[in-house]
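*Asks:* This is the structure I want to talk about, given as structure tokens.
Where a number appears in this text, it was derived from the coordinates with a stated rule and is not lab data. In this text the structure is predicted, and so the values were computed from the model without any measurement. Note that each Cβ is placed from the backbone with ideal geometry, even for glycine, and that neighbours are counted across all protein chains shown.
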Amino acid sequence: MRYLKRNKFTIIAIIILIVLVIVGVEMKKIFVPDEGKASYGERLSGIKEHELASDLFSKIETKLKEDSRVLKVENKVHGKIINLIITVSDDLSIDDAKKIANSVISMFENQELTYYSLQVYVKKEDEKLNNFPIVGYKGTTSTELIFSKDRDIVVEEQNNEK
């Protein structure tokens, strides 16, 4: 008992410190998000149930290359977004490029189209043609590609001033 009377201020200080630590930890839980979870929620939930077939992109490339104007097909999957980059010949019109891009949609299963977003980039071999690339985007709820605004070819004049 004598020990408690002599050290009562130390014991009170230790109890107050323990209470402050507990309150501080609880306040952190309330005001600071949990670092163990994704910052933007669980956007990729269910991706294991919607895995893409291993040969899907090779089939798409084969089907697209049946058209002689398609030179190269690349693909990249980022989470729930499928990016297809199609390189076409320089003499292809914008309308024909859109038809080729739209043909990609029929190569996917319906359940894939309702889970993944699809972006199709159509570019020409000659990067100086400034009316390309065109980009088509299809979200999970839409049924067709929506394209970037059509652009006309702009001829740049070079100044040869000396």
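*Asks:* Please give me the summed charge of the neighbours of THR87: other residues whose Cβ is under 9 Å from its Cβ, Lys and Arg +1, Asp and Glu -1.
*Replies:* With Lys, Arg at +1 and Asp, Glu at -1, the neighbours total +1.
*Asks:* Amide H to amide H under 5 Å from ILE82: which residues, 5+ apart in sequence or cross-chain, H placed 1.01 Å off N in plane?
*Replies:* Result for ILE82 returns SER117, LEU118, GLN119.
*Asks:* Counting only other residues whose beta carbon sits under 11 Å from that of ARG69, what net charge do I get with K and R as +1, D and E as -1?
*Replies:* -3
*Asks:* Starting from the amide H of LEU71, placed 1.01 Å from N in the peptide plane, find each other amide H under 5 Å away whose residue is 5 or more places distant or on another chain.
*Replies:* THR87, VAL88, SER89
*Asks:* In sequence order, what are the phi-derived ³J(HN,Hα) couplings for region 18-29 according to the Karplus relation 6.51 cos²θ - 1.76 cosθ + 1.60 with θ = phi - 60°, rounded to whole Hz, with x for glycine and proline?
*Replies:* So the Karplus estimates, Gly and Pro as x, are 5, 5, 5, 5, 4, 5, x, 5, 5, 5, 4, 4 Hz.
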